[in-house]
Amino acid sequence: MPLIRPATVQQFRTASFNERMAPLILLVVLLALVPPLAQALDDPFIIKLFTRVIVFAIAAVALNLVVGFSDLISLLQAGFIGIGGYTVAILANHDVNAEVLTTWPFVLVGTSNLAIALPLGALVAAVIAAVTGLICLRTSGAYFIMATLAFNQMLYYFFVALQRYGGEDGLQILGNLHVFGFNVTKRVPFYYVCLGMLAVILVVLDRLIDSRFGVVIRALAQNERRVVALGIPPLRYKLVAFVISGALGGLSGALLAASQQFISPADMAWTRSGELVVMVVLGGLATVWGPVAGAAVFLVLELVLSSYSIHWQLVFGLVIIVMTLYLRGGLADLWSLVVRVYKSESAR
Amino acid sequence: MPYALIVEQLLNGVQFGVMLFLMAAGLTLVFGIMNMINLAHGALYMAGAFLAAALVHVTGNFFLAVIIAVPATGVLGALMEFVVLRRFYVRTHLDQVLVTFGLILVLNEITRLIWGPVPVPLPLPAILAGSIEVFPGVSYPTFRLTILAVGAVVAVALYLVVVHTRAGMWVRAGASNRTMASSLGVNVDFVFSMVFAVGAALAGLAGIMAGPIFAVQVGMGDPILILAFVVTVIGGIGSIRGAFIAALMIGIVDTFGRVLLPPALGSMVIFILMAMILAWRPQGLFPLQG
């Protein structure tokens, strides 16, 4: 089995805390400047675009915990996005129609309160991630890829067949989503809510990667046999990484549904999972912040290309092929190049 | 359930199964020998159907179109292997997933450029268009019976080639231990290119046979690709026998699941089956030794 790892996986350890934090803070500050800029340009669409960037960045950053740091190539992330999205949409749907959700084992009613719906979306995704992860993680390598792909398709078909909630057409959120009565779905406040969550996730994930847990999953990615020989059981570590990643995917989906007031099976198609992997690799596998840049570049490129031609996917596919052939470390490599140049300049 | 319906659904299931086998056969051999995961296999299925539709339009003869389109898809597959995929044998699975994902986008878009977004008709010749009474009181479309027969013949032929010929021995040797086979004088790279071309041709054949039943359109290969992955995972990667048994199992379970169960559950039943089998045997039913 060919085992050529991107050298960047090892680089994480050697980068100092400041070196790791600098791009992270820079990205968040840049993203925070988007709304004033959009207002100055009088183009509210920019805010909408970057809300989408942040929402997908959350899913991609989470996916990187599995794909980048654990070397488990999951094509199930879009499935978790769908679970989170449908949780919010279904709860809101029942709230608007004033129907109870279940009556057994206890009565559950719908809600439009995001303070309840968002965590619940993440929780439901976490439960599904735990079940599917337990099965997929029994396998490894290509089996794992195919199994996660199959489960993504299973979740997709489930919602396509769910006529009660719109089936293939998707589910519209008709009521007003709120947080304990406060309206947060206005464009700008919602943008900052999403950005705040992304910032917290980035910092927590950075600490997590550096923790004992993070060291174990990175070690497992490099040589599972040695880690087992040290007496560390691998499954529980991989499963925790997979569940965290799935839960944050669910959160991302919940935010996606709230931002577009709509969720449909198309948001959880397996191609979307592939796109998320592309975002992660485009940004840089071995960094916490890389996928944020990857998501931004991916979605902006998609928008620009699609405005030129309806056949933009041709160019997009070629970009992915060329990227895979030549840009091994993603955009993060460009950053580490900047750091190296800066260091050699200041050493002079 | 009445007897006629059971027989008809059983035939549907077996027919779907042999079609899945044609897809999974190439996938599982390619994976078995080169440890290469190819998401673009579904694009070859689509290519076969589109080529056949175009050839029927030009020649007006369905059988001639099939005879040309199947090897043409094989050549297309060989080309894809030679130009792009060959460089990715030594890369990680992640790189393979990415590059074949990019290939899907490119091939889908090229197809859309040539044939447009509207489904293309693939008309059946009169001789295959009717239906035959297979059992007293059960009539069944001739074309679906033909698919069943062709699929069964190809499956048996493939099995005989892989298990009982020298070329098949190279394939199996390459699959179970590539380095050893290579050092014993088997030109594994060449064998692999051939296997890839044959796998592509089989995918094309499956696409052609699916064409008149489903629609010939861009992206038609994606759902079937994922089912072929399920078959490969259940059967055990690299195993022809496993792929055949798993394909029939998936075909029959899927068909009956959709008839007997509520839709939300019926569409999930094969994935649940996969989950149960993976929980029981993570390496699939017939894993390769070695």
- Query: Looking at (1) more than 14 Å from chain A (Cβ to nearest Cβ); (2) surrounded by fewer than 20 Cβ atoms within 10 Å (Cβ to Cβ); (3) touching a residue at least 40 places away in the same chain (Cβ under 8 Å), which is the one condition that is false for residue B:50?
  - Reply: (2)
- Query: Scanning for something of a type in the set (Gly, Ala, Ser), part of a helix (DSSP H, G or I), under 19 Å from the mean Cα position of the chain (by Cα) and closer than 14 Å to residue B:32 by Cα, does region B:231-239 turn up at least one residue?
  - Reply: yes
- Of all residues in region B:251-290 being within 11 Å of another protein chain (Cβ to nearest Cβ) and of a type in the set (Val, Ile, Thr), which is surrounded by the fewest Cβ atoms within 10 Å (Cβ to Cβ)? B:272
- Restricting attention to region B:115-128, which residues are without any contact (Cβ under 8 Å) to a residue 12 or more places away in the chain and among the aliphatic types (A, V, I, L, M)? B:126
- Pairing a residue in region A:186-215 that is assigned to a helix (DSSP H, G or I) with any residue that is surrounded by fewer than 18 Cβ atoms within 10 Å (Cβ to Cβ) and charged (D, E, K, R), where Cβ atoms lie under 8 Å and the two sit 6 or more apart in sequence or on different chains, gives A:187/A:48; A:206/A:20
- Is region A:26-49 home to any residue that is within 14 Å of chain B (Cβ to nearest Cβ) and either under 30 Å from residue A:153 (Cβ atoms) or at pLDDT 90 or above (or both)? no
- Message: Quick test for you: out of B:84, B:90, B:118, B:97, pick the one residue that is more than 8 Å from chain A (Cβ to nearest Cβ), out of contact with any Gly (no Cβ under 7 Å at 6 or more places or on another chain) and over 16 Å from residue B:45 (Cβ atoms).
- Response: B:118
- Query: Is it fair to say residue B:74 is under 30 Å from residue B:143 (Cβ atoms), touching an Asp or Glu at 6+ places or on another chain (Cβ under 8 Å) and modelled with pLDDT of 90 or more?
  - Reply: no
- Across region A:140-170, which residue is farthest from residue B:37 (Cα to Cα) among those that are of a type in the set (S, T, N, Q) and touching a Leu at 6+ places or on another chain (Cβ under 6 Å)? A:152
- Query: Looking at B:36, B:23, which is the one that is in contact with a helix residue (DSSP H, G or I) (Cβ under 9 Å, 6 or more places away or on another chain) and in a loop (DSSP other than H, G, I, E, B)?
  - Reply: B:36
- Message: Out of A:281, A:300, A:315, I need the residue that is assigned to a helix (DSSP H, G or I) and over 20 Å from the mean Cα position of the chain (by Cα). Which one?
- Response: A:315
- Note on the structure: Taking region B:219-250 and the residues there that are facing chain A (nearest Cβ under 8 Å) and touching a helix residue (DSSP H, G or I) at 6+ places or on another chain (Cβ under 7 Å), the one that is nearest to residue B:280 (Cα to Cα) would be B:233
- Message: So, residue A:251, is that one modelled with pLDDT under 90 and in contact with a Gly (Cβ under 7 Å, 6 or more places away or on another chain) or not?
- Response: no
- Task: Might you let me know whether region A:312-324 holds any residue that is free of Cβ contacts under 8 Å to residues at least 40 places away in the same chain and exposed (fewer than 15 other Cβ atoms within 10 Å of the Cβ)?
- Result: yes
- Given (1) within 12 Å of chain A (Cβ to nearest Cβ); (2) farther than 23 Å from residue B:143 by Cβ; (3) in a helix (DSSP H, G or I), residue B:42 misses just (2)
- Query: Which members of region B:231-250 meet the condition of being within 22 Å of residue B:8 (Cβ to Cβ) and either among the β-branched types (Val, Ile, Thr) or surrounded by fewer than 24 Cβ atoms within 10 Å (Cβ to Cβ) (or both)?
  - Reply: B:248, B:249, B:250
- Scan (1) crowded, with 24+ Cβ neighbours inside 10 Å; (2) at pLDDT 90 or above; (3) closer than 30 Å to residue B:91 by Cα for the single condition residue A:154 breaks and write down its number. (1)
- Which residue, of B:99, B:118, B:106, is among the aliphatic types (A, V, I, L, M), assigned to a loop (DSSP other than H, G, I, E, B) and under 30 Å from residue A:318 (Cα atoms)? B:118
- Query: Only one residue in B:19, B:46, B:34, B:80 is under 24 Å from residue A:144 (Cβ atoms) and hydrophobic (A, V, I, L, M, F, W, C), so which one is that?
  - Reply: B:34
- Query: If you check residue B:190 against the conditions, is it of a type in the set (Phe, Trp, Tyr) and more than 29 Å from residue A:139 (Cα to Cα)?
  - Reply: yes
- Message: I'd like to know if region B:176-189 contains one or more residues that are part of a helix (DSSP H, G or I) and either touching a Pro at 6+ places or on another chain (Cβ under 8 Å) or within 18 Å of residue B:22 (Cα to Cα) (or both).
- Response: no
- Query: Taking helices (runs of 4 or more DSSP H) that do not extend beyond region A:26-110, which have at least 1 residues that are charged (D, E, K, R) and touching a residue at least 24 places away in the same chain (Cβ under 8 Å)?
  - Reply: A:45-67, A:77-97
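Listed here are the residues, each with its yes/no results for (1) in contact (Cβ under 8 Å) with a residue 60 or more places away in the chain; (2) crowded, with 22+ Cβ neighbours inside 10 Å; (3) under 17 Å from residue A:327 (Cα atoms).
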| residue | (1), (2), (3) |
| --- | --- |
| B:84 | no, no, yes |
| B:87 | no, no, yes |
| B:98 | no, yes, yes |
| B:101 | yes, yes, yes |
| B:108 | yes, yes, no |
| B:113 | no, no, no |
- Task: Just give me the residues in region A:111-162 being facing chain B (nearest Cβ under 7 Å) and either over 24 Å from residue B:231 (Cα atoms) or in a loop (DSSP other than H, G, I, E, B) (or both), in sequence order.
- Result: A:138, A:139, A:162
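The values are calculated or read from the model by the stated rules, or taken from the named source; none is laboratory data. Being a predicted model, the structure only gives us computed values, none of them experimental. Cβ coordinates were reconstructed from backbone atoms using ideal geometry, including for glycine residues, and neighbour counts include every protein chain displayed.
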